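The block underneath contains the structure these notes are about, expressed in structure tokens.
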Amino acid sequence: MNFDILVIGSGVVGSALAIKVSKLGYKVAIVDSKESPPNSYRHLSINQRSKSFLNEIGIWKDIKDSAFPYGRIKVWDQEGTGFIDFNAEEAQLANLGYIIREGEIQKNLIQKFKENKVENFWGETVKQINFSTNKIFCETDKKVLTAKLIVGSDGMNSKIRELSKISYRSWSYNQTAVVANFKTSINESCIKQTFTSIGPLALLPINDHESTMIWSIDDDVSYKFLAMSDAEFTNEVIKKFGEQIGKLAMTSKRQHFPLHHLSAKTFAKKGVFLVGDSAHHIHPLAGLGLNSGIGDAACLSELIESNGLENLEEIISAYNRKRIPINLGLAASMEAFKRGFGQKNIWMKLFRNTAFNIANKISPLKKKFMELATEL
Ligand SMILES: Cc1cc2nc3c(=O)[nH]c(=O)nc-3n(C[C@H](O)[C@H](O)[C@H](O)COP(=O)(O)OP(=O)(O)OC[C@H]3O[C@@H](n4cnc5c(N)ncnc54)[C@H](O)[C@@H]3O)c2cc1C
């Protein structure tokens, strides 16, 4: 079967890109190894730029009622006096972004495949890729598909990255993210994040009476927190937030995810493009991973629109030029934030508190960080 563009992986990033390039008039197929459409229960924060892209492809109107807007982010640490506060007013925006269930975005994207003429193949795993002069042959466990351009949106353990021999750097953050939802008594449109001695703990509002929690806990103690009863775990969260939080009651099961960093050394070569987690994976402490993946999809589709598929070399070099530095910058900022607040040495702590408090007062510095977070 012949296509112009083949997208491997139907997470939010691959699905959104498939719809966008199909709207440009290309013959597009999307392949996923899952037997049925994914429906993740995790809630994610999406920024204004991601919202615009979802709006452009006709999805935002269907998901906007389940997206909860937030106007403020407060970050502080448990021991020192480090404090940073970002708010929409300062940035002259109506809000900073939205919290939404990942499965809600996925469901609505997948429902739009048919009307946008995106052909989809569930339950097919890519096994091999072969290159000829102007065609790429993609062999799944069921058939052979050909295309001029292949997109690897197949997540952190990308097979497309491996088959295209794109090397990468990866390391463990030595932390496990524990995720759960809570009924809350204090309801503000504010993300609250505190850096505890065992890792960053965040509460993100998902509606008027509930928040989702992400606690990235050091691996040497995470097993203790996973073994606790719901009531014991809830008490630990309340203790860390203190009066910032009021009453909490857990309303979901706890899920957990090991945390790793990954950056591919190149994001595109020989007609193969990596987008989203297959190209880069960062710590979830600033909630930017998916946003940066949607940024990849927006950038790649713009390059395809302006160059056409005949000019692949230009698309490859422009995509690498535009997306690699942004994602490296983001990974470095996350590392600085994590190390800054997680620093145990007393002198570093003193420096850190001073630096973060100055950063909180100096608008240009904060503005730069906010730009990075909203313009990915
Ligand atoms: C705890 C936690 C909280 C987070 N919070 C946020 C947040 O608030 N905001 C934010 O922006 N980001 C957040 N992130 C990051 C975000 O979840 C990811 O960056 C994003 O989901 C990646 O999407 P993707 O489409 O690139 O990949 P995925 O969602 O991983 O999709 C990959 C798809 O490829 C398919 N696939 C895999 N291998 C094959 C194969 N060989 N053949 C065919 N198909 C294949 C899979 O079945 C899957 O459907 C968070 C991450 C974690 C761990």
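We did not get these values from a lab; they are worked out from the coordinates using the rules stated. These numbers were taken from a predicted model, which means no experiment stands behind them. All Cβ positions, glycine included, derive from the backbone under ideal geometry; neighbour counts span all protein chains shown.
Observations
- Using R0 = 22 Å, the C-beta based FRET efficiency linking Thr146 and Lys270 works out to 0.90.
- The chain: relative contact order in percent, alpha carbon pairs under 8 Å with at least 6 residues between: 21
- Cβ-Cβ distance of Lys247 and Lys135, R₀ of 56 Å, FRET efficiency by 1/(1 + (r/R0)^6): the value works out to about 0.40.
- Per-peptide average of other Cβ atoms within 10 Å, ordering 144-150, 212-218, 116-122, 11-17 highest first: 11-17, 212-218, 144-150, 116-122
- Relative to the dominant Cα principal axis of the chain, helix 346-361 is inclined by about 70°.
- Ellipticity estimate at 222 nm from DSSP helix runs (n ≥ 4, -39,500 (n - 2.57)) divided over the chain, nearest 500: -11500 deg cm²/dmol
- Ordering Ala227, Asn320, Ala18 by the projection of their Cα atoms onto the charge dipole of the chain, which places +1 on the Cβ of Lys and Arg and -1 on the Cβ of Asp and Glu, puts Asn320 at the extreme positive end.
- Sequence ranges 20-28, 151-159, 58-66, ranked by mean other-Cβ count within 10 angstrom, highest first: 151-159, 20-28, 58-66
- Qualifying GluC sites (Glu not before Pro) in region 129-209, where qualification requires a DSSP coil assignment and no more than 16 other C-beta atoms within 10 Å, comprise Glu188.
- By the equivalent-ellipsoid construction on the alpha carbon gyration tensor, region 1-62 comes out with semi-axes of 21, 17, 8 Å, ordered largest to smallest.
- Each label point was placed 7 Å from the Cα along the Cα-to-Cβ direction; for Ala231 and Asp65 their separation is 3.8 nm.
- Considering only Leu288, Thr266, Ser301, and ranking their Cα positions along the charge dipole of region 232-329 that arises from unit charges at the beta-carbon of Lys, Arg, Asp and Glu, the one farthest toward the positive end is Leu288.
- Backbone phi angles across region 226-240, fed through the Karplus curve with coefficients 6.51, -1.76 and 1.60 (θ = phi - 60°), yield HN-Hα couplings of 6, 7, 5, 5, 4, 5, 5, 4, 4, 4, 4, 5, 4, 4, 6 Hz in residue order; Gly and Pro are listed as x.
- Length gained on full extension, Asn187 to Tyr223: 9.9 nm, using 0.36 nm per residue less the C-alpha separation.
- Convex hull of region 85-124 built on C-alpha atoms - directionally averaged projected area, nm²: 5.2
- Radius of gyration, Dmax [region 154-229; alpha carbons; angstrom]: 16.8, 51
- Our estimate of slack between Ala332 and Met156, defined as 0.36 nm per intervening residue step minus the Cα-Cα distance, is 61.5 nm.
- Proportion of all alpha-carbon pairs of region 1-156 beyond 27 Å (%): 36
- Extreme residue, positive dipole direction of the chain, given options Val237, Ile84, Tyr98 (C-beta unit charges): Ile84
- Rounded to whole numbers, the Karplus 3J(HN,Hα) couplings from phi for region 35-40 are 6, 9, x, x, 8, 5 Hz, using 6.51 cos²θ - 1.76 cosθ + 1.60 with θ = phi - 60°, and x at Gly and Pro.
- Applying 1/(1 + (r/R0)^6) with r as the Cβ-Cβ distance of Ser172 and Glu90 and R0 = 45 angstrom yields a FRET efficiency of 0.80.
- Angle between the chain longest axis and helix 102-111 axis [Cα atoms, degrees, rounded to 10]: 20
- Converting the Cα gyration tensor eigenvalues of region 190-265 into ellipsoid dimensions via √(5λ) gives semi-axes, longest first, of 22, 16, 13 Å.
- Pairs beyond 28 Å (Cα-Cα), from Lys23/Lys192; Lys183/Lys224; Lys114/Lys165; Lys183/Lys239; Lys61/Lys148: Lys23/Lys192; Lys114/Lys165; Lys61/Lys148
- DSSP finds beta bridges in the chain, and of those with both partners inside it, around 70 percent are antiparallel.
- Dipole in debye (nearest 20) - region 1-144, about Cα centre, beta carbon charges: Lys, Arg +1; Asp, Glu -1: 580
- Sorting 203-210, 43-50, 220-227, 248-255 by average packing, meaning the other beta carbons within 10 Å per residue, from highest down gives 43-50, 203-210, 248-255, 220-227.
- Taking the longest Cα principal axis of the chain as reference, the axis of helix 363-374 is set at about 40 degrees.
- The Cα-based radius of gyration and maximum Cα-Cα distance (Dmax) for the chain are 21.1, 64 Å.
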